[in-house]
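A short write-up of the structure that comes next.
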There are 2 protein chains.
Amino acid sequence: MILSRRRRPLAERLILPALLGAASLAALPAAAQAPQLPPPDAVSLDKLGYMSTFPPTPEQRVDLTNSYKYPQLRWTMQHLRELVPTHNIRRGAAPASALPAAPKPLDGYVFEDDKGQKITVADWLKATYTDAIVVLHKGRVVYERYDNQMKPSSPHLLFSVTKSFTGLMAAQLVHDGKIDDQALVTKYVPELAGSAWGDMKVREVMDMTGAVRFREVYTDPTTEIFGYSWSSGLLPRPPGYQGATNIYDFLKTLKKEGEHGAGFTYRTVHSEVLGWIVSRVTGRHWADLMSENIWQKLGMEEDAYVMVDSVGTPLQGAGLNATARDLARVGEMLRLGGSFNGQKIFDKAVIDDTAKGGDREKFKAGGMPFRPGYSYRNQWWILHNADGAYEASGIHGQMIHINPAAEMVVVKLSSHPVAGAGFTHPLTLKAWAALAQAVRQ
Amino acid sequence: MILSRRRRPLAERLILPALLGAASLAALPAAAQAPQLPPPDAVSLDKLGYMSTFPPTPEQRVDLTNSYKYPQLRWTMQHLRELVPTHNIRRGAAPASALPAAPKPLDGYVFEDDKGQKITVADWLKATYTDAIVVLHKGRVVYERYDNQMKPSSPHLLFSVTKSFTGLMAAQLVHDGKIDDQALVTKYVPELAGSAWGDMKVREVMDMTGAVRFREVYTDPTTEIFGYSWSSGLLPRPPGYQGATNIYDFLKTLKKEGEHGAGFTYRTVHSEVLGWIVSRVTGRHWADLMSENIWQKLGMEEDAYVMVDSVGTPLQGAGLNATARDLARVGEMLRLGGSFNGQKIFDKAVIDDTAKGGDREKFKAGGMPFRPGYSYRNQWWILHNADGAYEASGIHGQMIHINPAAEMVVVKLSSHPVAGAGFTHPLTLKAWAALAQAVRQ
């Protein structure tokens with residue numbers, strides 16, 4: 001159902017193209033950048049009724065053949081584990097850490113959107129298909145809303161926000177001297193010798209300046225995006241499929257294209273390689289590291305989970321699912337320099353190295369004009385604005401946004417019909433600024 | 001890999017035959033009833049190293065092609081969700097309910113096994129490939145042990161213990177007048193009109209006296225056990241598979257064989273039908289009912305989960321996974337007549353109706369001489385012994401055993417190489433009696 005582009009509606013066509021690269025929308029023709037979006041209330045899960053009868057009617061079924069189509073994707077974002085194998089990321093046995101509330105009436109707060117129109121926070125959330133938002137100011141929950149059947153306890157698919165966890169874990173291992181970011185990838189994963197990563201440095205993986213041929217042409221199943229989707233289990237394999245049946249075997253097949261270190265190019269496969277390095281160096285499964293080093297120490301309220309492939313490999317660049325409140329704890333820990341709940345999660349130097357950002361000139365090569373002045377460091381997006389903000393970002397509107405100057409953390413989880421950040425990001429930047437102003441009042 | 005019987009080792013052959021019917025071992029030739037079992041330490045997960053490297057070596061891989069072979073099954077019992085889609089059964093947001101400890105030194109407690117040999121409790125646990133045991137006496141944890149990488153927080157696959165939850169939920173709905181157990185199944189699930197259940201009463205489903213043709217011949221893929229395994233996702237489908245792709249569609253294909261109500265015949269498909277009735281009557285997913293009516297009210301420590309098929313149908317007869325301590329809470333709630341943690345979970349009349357048992361004469365038709373004097377009621381096994389004991393039971397050694405007279409609950413979770421209860425049950429009965437004596441001392 002993804003091979004024939006012509007007959008599918010526009011909103012659907014916008015999903016898969018950007019499944020793995022937030023930049024993809026920028027490459028679409030201009031007409032596609034102002035798609036006709038379905039009214040949010042028309043695609044609420046209450047209205048759609050997916051998987052709500054026993055068995056579901058054919059129209060209400062969500063399975064691997066349609067889970068990333070729209071509006072079925074709205075269901076998938078809160079129910080991924082019901083479709084695919086997953087690995088648990090357990091919270092600790094201790095009671096959840098405190099997240100004190102100090103509500104501010106932000107629903108009606110008015111700001112100017114990217115078109116110069118007045119909009120309230122509540123309307124912005126509705127217009128961007130928000131499932132959950134949590135805003136912290138000085139560590140207190142000043143604003144928290146759920147919609148579309150989402151609950152405080154619901155894990156939500158985070159897509160590329162996953163990368164930012166992999167990046168921080170790798171950066172900590174670099175800080176600890178357990179990974180040399182100037183070494184070749186093959187020092188840790190010799191299996192990649194014949195691939196694009198054969199002569200690539202770890203740092204080039206961490207900051208996505210390694211040059212790997214990874215085409216995403218959704219009308220051409222010979223392009224690499226299909227191999228990634230089929231090997232990982234993101235999409236069902238076609239009859240007679242003979243390709244790689246797990247992520248690691250697929251990574252070995254990818255070739256170099258261009259010069260390593262020359263410029264930023266956003267590629268999910270770098271995050272998979274980085275996760276492989278982390279597991280190889282620690283001897284531990286990514287999900288167990290996430291649990292022991294982050295989830296348990298932060299005193300999370302809920303277990304998180306990650307999708308795994310047929311040999312248990314986590315999708316270290318796209319497969320994490322967690323609740324909004326627990327992600328807010330992550331953001332607050334970062335804002336506080338790596339510690340929270342009386343525990344050191346990361347060294348402050350690791351957070352500082354991330355937040356100061358990477359090479360802004362190289363970033364321009366990435367084709368993301370909607371992220372003006374940004375850089376990418378340790379798998380985080382750095383705004384380089386006056387507030388020192390940085391963020392994790394996933395398609396369809398997943399965000400952890402940290403604004404140190406405003407002492408603010410925003411977690412926004414969405415199921416937007418447009419995958420790539422390009423469509424929403426100009427408005428998102430306006431909203432960040434508005435929220436930073438609102439919480440300070 | 002399950003079609004060729006000849007070349008496979010005995011232990012492996014014993015697994016699938018009893019995947020869905022604890023009676024199967026009784027039907028094996030006498031020689032098979034004394035299999036050469038692997039020494040437990042030789043098949044410990046520490047030794048086997050399954051899925052412990054990144055990626056796992058071919059020898060250390062567990063996937064859908066070998067997950068129910070032995071010893072791979074030892075890994076599967078604690079990691080099912082890493083292989084298949086699952087639906088969460090959430091605990092509540094409140095702190096876990098108290099399970100006070102009052103340890104007794106039972107490791108060295110000696111009793112006489114079914115062969116007349118002296119054996120200690122610790123040796124019994126080792127010899128029966130126990131992953132976890134929790135013994136409650138008067139609501140206190142007097143004994144708790146874990147082995148084989150199992151932790152207090154690890155959910156363990158429970159196989160047919162699942163049925164007992166489905167049975168209790170159905171019995172409560174009968175008590176509430178929402179299900180008429182004397183009505184035909186088709187009153188609730190008209191889709192089954194053309195099947196074995198077309199003229200079957202709900203009570204005959206609940207107590208497994210309905211007559212359905214369900215052959216388990218593991219050398220003959222035309223027998224119904226294959227359809228169940230392929231439609232549910234328990235086994236990978238063969239190339240070109242054209243059969244049912246979910247449990248409910250498969251159930252519709254099963255035919256009547258014999259006379260309903262005449263005698264007990266253990267059939268997992270009855271539990272799937274019963275779960276269907278429960279969901280149809282309540283309009284709720286089985287896992288959500290489990291969460292709201294049982295897991296949240298009991299104050300569980302951990303989320304549980306259930307395997308689901310391709311349209312989200314839980315395996316209501318075999319797919320539950322939970323921790324030993326949380327199952328101990330279930331047992332204690334039953335021992336107390338349906339209430340625990342200040343909450344009424346089931347009416348006392350429902351528990352009493354279950355514990356008093358069913359028709360012992362009809363039970364004899366079920367071919368389980370290793371359960372002498374038993375009956376089966378509301379999907380529970382009733383011992384009809386002096387202590388009024390009853391239990392839930394799943395293949396490979398999963399048990400919740402309630403002994404009202406001894407004020408004792410035992411949860412035992414195992415990964416025994418022999419699936420069916422017939423092989424271990426004579427020893428199990430000796431152990432129950434010994435523990436009942438030990439806790440009273």
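Observations, loosely collected:
- A:His87 in a helix (DSSP H, G or I), within 14 Å of chain B (Cβ to nearest Cβ) and surrounded by 19 or more Cβ atoms within 10 Å (Cβ to Cβ): no
- Among the residues making up the stretch B:360-379, those that are of a type in the set (D, E, K, R) and more than 19 Å from B:Ala392 (Cβ to Cβ) are B:Glu361, B:Lys362, B:Lys364.
- The lone criterion from (1) touching an Asp or Glu at 6+ places or on another chain (Cβ under 8 Å); (2) away from chain B (no Cβ under 14 Å); (3) polar (S, T, N, Q) left unmet by A:Gln117 is number (1).
- Residue pairs whose Cβ atoms lie under 7 Å apart, separated by 6 or more positions or on different chains, with the first residue in the stretch A:100-121 and touching a residue at least 40 places away in the same chain (Cβ under 8 Å) and the second part of a loop (DSSP other than H, G, I, E, B) and aliphatic (A, V, I, L, M), are A:Val121/A:Leu106.
- Residue in the stretch A:68-82 that is of a type in the set (A, V, I, L, M) and either exposed (fewer than 13 other Cβ atoms within 10 Å of the Cβ) or within 8 Å of another protein chain (Cβ to nearest Cβ) (or both) present: no
- Flag if B:Leu173 is assigned to a loop (DSSP other than H, G, I, E, B), away from chain A (no Cβ under 14 Å) and not acidic (Asp, Glu): no
- Selection count, the stretch A:62-85, where residues are of a type in the set (Lys, Arg) and either at pLDDT below 95 or within 20 Å of A:Pro238 (Cβ to Cβ) (or both): 1
- Residues of the stretch A:295-312 that are more than 10 Å from every other protein chain (Cβ to nearest Cβ) and in a loop (DSSP other than H, G, I, E, B): A:Gly299, A:Met300.
- Some residue of the stretch B:130-138 being at pLDDT 95 or above, surrounded by fewer than 23 Cβ atoms within 10 Å (Cβ to Cβ), at negative phi and more than 19 Å from the chain's Cα centre (by Cα): yes
- Criterion applied to A:Leu64, A:Leu37, A:Leu48 was being more than 18 Å from A:Met150 (Cβ to Cβ) and away from chain B (no Cβ under 12 Å), and the one residue passing it is A:Leu37.
- Test: A:Phe165 is more than 14 Å from chain B (Cβ to nearest Cβ) and crowded, with 24+ Cβ neighbours inside 10 Å: yes
- For the stretch B:229-241, the count of residues that are among the aromatic types (Phe, Trp, Tyr), within 21 Å of A:Pro58 (Cα to Cα) and away from chain A (no Cβ under 14 Å) is nonzero.
- Checked against the criteria, A:His270 counts as surrounded by 24 or more Cβ atoms within 10 Å (Cβ to Cβ) and within 20 Å of A:Ile179 (Cβ to Cβ).
- Search result, residues across the stretch B:249-263 that are surrounded by fewer than 24 Cβ atoms within 10 Å (Cβ to Cβ) and either within 14 Å of chain A (Cβ to nearest Cβ) or in contact (Cβ under 8 Å) with a residue 60 or more places away in the chain (or both): B:Asp249, B:Phe250, B:Lys252, B:Lys255, B:Lys256, B:Glu257, B:His260, B:Gly261, B:Ala262, B:Gly263
- Selection of the stretch A:199-256 for residues being under 23 Å from A:Leu184 (Cα atoms) and β-branched (Val, Ile, Thr) yields A:Val202, A:Val205, A:Thr209, A:Val212, A:Ile247, A:Thr253.
- Condition met for B:Pro95 (over 24 Å from the mean Cα position of the chain (by Cα), of a type outside the set (A, V, I, L, M, F, W, C) and within 14 Å of chain A (Cβ to nearest Cβ)): yes
- Taken together, B:Gly337, B:Gly317, B:Gly331 contain a single residue that is away from chain A (no Cβ under 13 Å), over 25 Å from B:Lys138 (Cα atoms) and either of a type in the set (S, T, N, Q) or out of contact with any Phe, Trp or Tyr (no Cβ under 7 Å at 6 or more places or on another chain) (or both), which is B:Gly317.
- Some residue of the stretch A:52-61 being within 14 Å of another protein chain (Cβ to nearest Cβ), assigned to a helix (DSSP H, G or I) and either in contact with a Ser or Thr (Cβ under 8 Å, 6 or more places away or on another chain) or among the acidic types (Asp, Glu) (or both): yes
- Residue check for A:Ala94: over 30 Å from A:Ala434 (Cα atoms), among the small types (Gly, Ala, Ser) and not in a strand (DSSP E or B): yes
- Count of the stretch A:401-435 residues, restricted to those that are over 21 Å from A:Tyr109 (Cβ atoms) and of a type in the set (A, V, I, L, M), is 3.
- Failed criterion for A:Asp63 (all others in (1) touching a strand residue (DSSP E or B) at 6+ places or on another chain (Cβ under 6 Å); (2) closer than 30 Å to B:Thr323 by Cβ hold): (1)
- The stretch A:329-436 holds no strands (runs of 3 or more DSSP E) entirely within its bounds that carry 3 or more residues that are in contact (Cβ under 8 Å) with a residue 12 or more places away in the chain and surrounded by fewer than 18 Cβ atoms within 10 Å (Cβ to Cβ).
- With respect to the conditions (1) within 20 Å of B:Thr166 (Cβ to Cβ); (2) within 14 Å of another protein chain (Cβ to nearest Cβ); (3) touching a Ser or Thr at 6+ places or on another chain (Cβ under 7 Å), B:Asp326 falls short on a single one, namely (3).
Yes or no, residue by residue, for (1) modelled with pLDDT of 95 or more; (2) touching a strand residue (DSSP E or B) at 6+ places or on another chain (Cβ under 7 Å); (3) acidic (Asp, Glu); (4) within 21 Å of A:Gly139 (Cα to Cα):
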{"position": "A:Arg377", "(1), (2), (3), (4)": "yes, no, no, no"}
{"position": "A:Leu383", "(1), (2), (3), (4)": "yes, yes, no, no"}
{"position": "A:Tyr390", "(1), (2), (3), (4)": "yes, yes, no, yes"}
{"position": "A:Ile400", "(1), (2), (3), (4)": "yes, yes, no, yes"}
{"position": "A:Glu407", "(1), (2), (3), (4)": "yes, yes, yes, yes"}
{"position": "A:Lys412", "(1), (2), (3), (4)": "yes, yes, no, yes"}
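- Scanning the stretch A:208-244 for residues that are in a loop (DSSP other than H, G, I, E, B), β-branched (Val, Ile, Thr) and modelled with pLDDT of 95 or more turns up just one, A:Thr209.
- Residue list for the stretch B:157-166, filter: touching a helix residue (DSSP H, G or I) at 6+ places or on another chain (Cβ under 6 Å) and of a type outside the set (Lys, Arg): B:Leu157, B:Thr166
- Number of residues in the stretch A:90-102 that are modelled with pLDDT under 95 and surrounded by fewer than 16 Cβ atoms within 10 Å (Cβ to Cβ): the value is 3.
- Selection over the stretch A:62-84 of residues that are of a type in the set (A, V, I, L, M, F, W, C) and not in a loop (DSSP other than H, G, I, E, B) gives a count of 4.
The values are calculated or read from the model by the stated rules, or taken from the named source; none is laboratory data. Computed from a predicted structure; not experimentally measured. Heads up, the Cβs are rebuilt from the backbone with ideal geometry, glycines too, and the neighbour counts pull from every protein chain shown.
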